[in-house]
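Please read the structure below before turning to the comments.
Please treat every number below as a calculation from the coordinates, not as lab data. Keep in mind that what you see is a predicted model, and the values were worked out from it rather than measured. In this analysis, Cβ positions are derived from the backbone assuming ideal geometry, glycine residues included, and neighbour counts consider all displayed protein chains.
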Amino acid sequence: MFYAAHPAACRPAYAPALRSLDRFLNEALSGTQFKDEDKHWALSIDVPGVTREQLDIAIEGQAVKVETVEGAPRAYKKRYEFPQEVDAAASSARLENGVLTLTLAKLLPESRATKLSIG
């Protein structure tokens, strides 16, 4: 008896590792440094020749988008996904000597537990 598998079910087992390797190499070659601290993430991005006014940073849920505006001397557009939501109000950005440093605060999930009294 012969069973034909759907092509999507025949993906190599190492495909997720290759995607991770691609993501790592892209970040390593793009001059991006990442640190996972206890209460925040620190992200440093090399953007030489770009001023504060030429950068747009948007935080939406778990995603942070960094891009240069039209007319900037260097084009940069990248979206970063984090494992939990980013607290935009507690986050900050700093640009010094061509390095953009983002300090992205982790949004701690609120407990939705309800206490019941024992009767």
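Averaging Cα coordinates gives a centre for the stretch 94-115 and one for the stretch 30-72; these two points are 13 Å apart. Legend: Rg and Dmax of the stretch 41-119, from Cα coordinates, 17.4, 70 Å. Model label sites at residue 112 and residue 38, defined 7 Å from Cα along the beta-carbon direction, differ in position by 2.8 nm. For residue 62, nonlocal amide neighbours, meaning residues 5 or more places apart or on other chains whose placed amide H falls under 5 Å from its own, are 86.
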